[in-house]
Amino acid sequence: MSQVPAYKRILLKLSGEALMGDDSYGINRATIEQIVGQIKEVVELGVEVGIVIGGGNIFRGVAPAAAGMDRATADYMGMMATVMNALALKDAMTKVGLIARVQSALTMQQIAEPYVRGKAMQYLEEGKVVIFAAGTGNPFFTTDTAAALRGMEMNVDIMLKATKVDGVYTDDPKKNPDAVRYQTLTFDEAISRNLKVMDATAFALCRDQQLNIKVFSIFKNGALRRVVLGEDEGTLVHC
């Protein structure tokens with residue numbers, strides 16, 4: 001099997017929930033180490049990696065209190081949760097010998113660099129992992145949309161959406177054992193079949209800018225490496 005990557009530069013979208021493992025909220029250390037181990041595998045193949053991280057694992061703990069909040073205030077709280085996750089990811093990467101940089105769309109100069117496109121691209125070219133925190137820096141936009149935006153700004157070859165399910169299925173595979181995984185889908189097919197690949201704004205951005213999306217499970221050992229090598233892993237959503 002070829003060990004030549006199919007993609008030179010990728011944008012990995014990680015949900016905050018992915019860091020919880022089997023916990024009800026927070027960061028599960030074993031889970032973050034498993035994810036970072038997969039990222040290290042692809043960096044060692046020479047792939048340039050940018051990451052957008054969500055904040056649901058932390059925000060979930062305060063969500064009941066946020067229910068009656070102003071939406072913009074709650075969204076800013078969620079952005080700060082993503083910064084916490086980004087710092088945890090960076091720490092875990094440093095421990096395995098990866099060089100990572102956190103760039104935040106909100107200014108937090110003591111703990112993260114401000115997001116600067118040219119600097120981020122320079123880091124990627126130098127083989128550093130760039131973790132983009134605080135979403136777009138604006139309320140009312142999800143981290144899915146932030147991932148689509150950063151992916152386009154970084155001129156990545158593909159966006160990889162890491163989930164708990166190993167692709168997009170015809171039905172919920174947990175409820176329907178006959179559900180079949182799609183190997184490939186067009187954007188229009190995903191829309192017409194009402195398949196929830198990612199939120200509508202992010203999906204429309206990717207479709208309009210022809211940025212393909214690969215949906216796969218980050219919890220399958222070696223899955224990220226197989227995706228990067230172009231093997232049959234997950235579901236490719238394309239133009």
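Would you kindly give the portion of the calculated P(r) for the range 103-239 that falls above 25 Å, as a percent of all Cα pairs?
Summing the P(r) tail past 25 Å for the range 103-239 gives 31 percent.
Using Cα springs under 10 Å in a Gaussian network model of the chain, which residue among 157, 178, 199 shows the largest mean-square fluctuation?
178
Under the classification rounded if a/c is under 1.5, otherwise prolate if a/b is larger than b/c and oblate if not, where does the range 9-237 fall, given a ≥ b ≥ c as square roots of the Cα gyration tensor eigenvalues?
Rounded shape, in that the Cα axes give a/c under 1.5.
Taking the Cα centre of the range 1-110 as the origin and placing charges on Cβ (Lys, Arg +1; Asp, Glu -1), which of 43, 18, 85 is farthest toward the positive end of the dipole?
With unit charges placed on the Cβ atoms, the residue in question is 43.
Charges on Cβ only, +1 for Lys and Arg, -1 for Asp and Glu, centred on the Cα centroid of the chain; of 7, 107, 55, which one is farthest towards the dipole's positive end?
In the chain, that residue is 107.
How many percent of the accessible area of the chain is carbon or sulfur, using a 1.4 Å probe?
In the chain, the share of accessible area belonging to carbon and sulfur is 51 percent.
Calculate I(q)/I(0) for the range 1-114 by the Debye formula, one identical point scatterer on each C-alpha and no solvent, and give its log10 at q = 0.12 Å⁻¹ to two decimals.
-0.47
How large is the charge dipole for the range 94-231, taken about the Cα centre, if only the Cβ atoms of Lys, Arg (+1) and Asp, Glu (-1) carry charge, to the nearest 20 debye?
Dipole size: approximately 440 debye.
Working out 0.36 nm times the residue gap between residue 204 and residue 239, then minus their Cα-Cα distance, what length gain in nm do you get to one decimal?
11.5 nm
Translational diffusion coefficient, Stokes-Einstein: compute it for the range 163-239 using the Kirkwood radius over C-alpha pairs as Rh, at 25 °C and 0.890 mPa s, and state it as an integer in µm² s⁻¹.
It diffuses with D of about 191 µm²/s by this estimate.
Multiplying the sequence separation of residue 8 and residue 69 by 0.36 nm and subtracting their Cα-Cα distance, what value in nm do you get?
Result: 17.7 nm gained on full extension.
Between residue 138 and residue 60, take the C-beta separation as r, use R0 = 25 Å, and let me know the FRET efficiency to the nearest 0.05.
Working: r = 22 Å, r/R0 = 0.86.
That gives a FRET efficiency of 0.70.
If the elastic network links every pair of Cα atoms under 10 Å, which of 222, 21, 118 fluctuates the most in the Gaussian network model of the chain?
The residue that fluctuates most here is 118.
Which of 32, 51, 131 ends up with the largest GNM mean-square fluctuation for the chain, with Cα atoms connected below 10 Å?
Looking only at 32, 51, 131, the biggest GNM fluctuation is shown by 32.
Calculate the length of the line joining the C-alpha centroid of the range 151-167 to that of the range 28-92, in whole Å.
15
To the nearest 20 Debye, how big is the dipole of the range 62-166 about its Cα centre, given +1 on the beta carbon of each Lys and Arg and -1 on that of each Asp and Glu?
Magnitude of the dipole: close to 140 debye.
Which of the GluC sites (Glu not before Pro) found in the range 34-108 are in a DSSP loop and have at most 15 neighbouring Cβ atoms, other than their own, within 10 Å?
Details: sites: 41, 44, 48; in loops: 44.
Those that pass, being in a loop and sparsely packed, are 44.
Go ahead and estimate [θ] at 222 nm for the chain from helices alone: -39,500 (n - 2.57) per DSSP H run with n ≥ 4, summed, over the residue count, rounded to 500.
-11000 deg cm²/dmol
At a Förster distance of 41 Å, what's the computed FRET efficiency of residue 178 paired with residue 153, Cβ-Cβ distance as r, to 0.05?
Approximately 0.50, to the nearest 0.05.
About its Cα centre, how strong a charge dipole does the chain have in debye, to the nearest 20, once Lys and Arg get +1 and Asp and Glu get -1 at the Cβ?
On the way: 26 positive and 27 negative charges, 54 e Å.
The calculated dipole for the chain is roughly 260 debye.
The values are calculated or read from the model by the stated rules, or taken from the named source; none is laboratory data. Since the model is a prediction, treat every value here as computed from it, not as a measurement. Quick reminder, even Gly has a Cβ in these numbers, built from the backbone with ideal geometry, and neighbours come from all protein chains shown. To get the accessible areas, we keep the full protein, side chains included, count just its heavy atoms, and leave off ligands, DNA and RNA. Shrake-Rupley method; radii C 1.70, N 1.55, O 1.52, S 1.80 Å.
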